[in-house]
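Right, one structure below, let's go through it.
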Amino acid sequence: MISAFAAASNTATPRSFKLIIADDVSQNALSVFIGSFIFSIVALVALKNGYYGRAGYFTLFIFTLLFFSLVILTFLRWVERISKLGRMGHTIQLVEDATTNAIQNRLESPTLNGIAVHPSKSKGEALYSDLTGYVQQINMSELQKIAKKMDAVFTINAIPGKLVSINQPLLFIALKNKEEKIDYNTIKNAFTVGNMRYFDQDPRFGLITLTEIASRALSPAVNDPGTAIQIISSHIRLFSLWNSVKETIPVKEDLFDRIAVPQLELSDLFEDAFRPIARDGASNIEVMIRLQKCFQILSKNSNTAIQKSSFYNSKQAFERAKMEMKLEADILLLKENCLFV
């Protein structure tokens, strides 16, 4: 397991480490091993003290066989998982799965079950963070209770994944009664701010982590364009989730009607996913052709913002490649696969 953890950090990216140590098969195996050890100690103590009769011996024998079978099956399953743990393909799949869950959750509730931000409305008084770090989670139900009690509307400025500091507003408070006393500390406690980002409510972090793996693979020290191409395929699957979006209306009691939350900008997601690959793989014709084919696929997405971002990033990626590629034939071949041709 230690070798798997080291491999994930060295060959993929340290950001994937938390997903690997959270492996449920390994945790279950350790639990079974510890449980069987405790069972054997208790059984031996009971036997030595003559606690069991004939029926007890038979029952203990049956339970021993069951535990023995469970340990063997768990061990075989664990060995199979250990053989994959830390491998590049397995790590990429873990990150992609975590990102898929985060995107699907955000698509089901683009405003975290709050209301959309109205650009023309006054946001109100800014509430600043006491800490510097990333917003990891927002307790929406707690904020709703506070806003309802104060007869106010909160406009979230720092969604999960955003870096905040002491001069960065967490949210804005619009009071109906200007004389209402504001409990700033209680509102701040609804935000979890830490040094690290998490995958749960932060789809951008998953895309960034995948792209970091691709960037490392494209470095001269590694020179593994195949991994970068695999990451591009992962990005296609992730952005294709917008094709399967269904209009979902939150249940009335779950709708936080006093909290306005900004939605994710798809242009930002595209930059997180594709700009580093276009930069680091600009001189590699195979990677750049696959990237342009990716943009061709995404340009047919039903989401208009994804279509626009596909055309823009196709142009940007070609310009980067044109500056790095030395063979004119490669540049012409790449141009044939671009969207703007």
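Structure above, values below:
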{"item": "Residue check for Leu70: free of Cβ contacts under 8 Å to residues at least 60 places away in the same chain, loosely packed, with under 13 Cβ neighbours inside 10 Å and farther than 17 Å from Ile20 by Cβ", "result": "no"}
{"item": "Subset of the range 106-124 [exposed (fewer than 14 other Cβ atoms within 10 Å of the Cβ) and touching a residue at least 24 places away in the same chain (Cβ under 8 Å)]", "result": "Glu108, Ala116, His118, Lys121, Ser122"}
{"item": "Which listed residue is closer than 30 Å to Ala228 by Cα and of a type in the set (Gly, Ala, Ser), from Ala158, Ala102, Ala126, Ala116", "result": "Ala102"}
{"item": "Unique match (being touching a residue at least 60 places away in the same chain (Cβ under 8 Å) and buried (at least 18 other Cβ atoms within 10 Å of the Cβ)) among Ile236, Ile297, Ile259, Ile289", "result": "Ile259"}
{"item": "The range 83-99: number of residues that are within 25 Å of Pro225 (Cβ to Cβ) and free of Cβ contacts under 8 Å to residues at least 12 places away in the same chain", "result": "4"}
{"item": "Residues satisfying the stated conditions in the range 260-305, i.e. within 30 Å of Asn139 (Cα to Cα) and of a type in the set (Val, Ile, Thr)", "result": "Val261"}
{"item": "Long-range neighbours under 7 Å by Cβ, at least six apart or interchain, first residue in the same structural domain as Glu271 (by TED's automatic domain parsing) within the range 305-319, second of a type in the set (Lys, Arg) and surrounded by fewer than 23 Cβ atoms within 10 Å (Cβ to Cβ)", "result": "Phe318/Lys335"}
{"item": "Asp202, sole failed condition from (1) surrounded by fewer than 18 Cβ atoms within 10 Å (Cβ to Cβ); (2) within 20 Å of the chain's Cα centre (by Cα)", "result": "(1)"}
{"item": "Verdict on Gly124 being modelled with pLDDT under 90 and of a type in the set (Gly, Ala, Ser)", "result": "yes"}
{"item": "Selected residue (only one of Ile21, Ile41, Ile34, Ile62 is under 30 Å from Thr209 (Cα atoms) and aliphatic (A, V, I, L, M))", "result": "Ile21"}
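Each row is one residue, and each column tells you yes or no for (1) more than 17 Å from Asp268 (Cβ to Cβ); (2) assigned to a helix (DSSP H, G or I); (3) of a type in the set (Gly, Ala, Ser).
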position	(1), (2), (3)
Glu286	yes, yes, no
Arg290	yes, yes, no
Ile297	yes, yes, no
Ser302	yes, no, yes
Ala305	no, yes, yes
Ser309	no, yes, yes
Arg320	yes, yes, no
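The values are calculated or read from the model by the stated rules, or taken from the named source; none is laboratory data. All figures in this text were calculated on a predicted structure; none of them were measured in a lab. Every residue, glycine among them, receives a Cβ derived from its backbone with ideal geometry; neighbour counts consider all protein chains shown.
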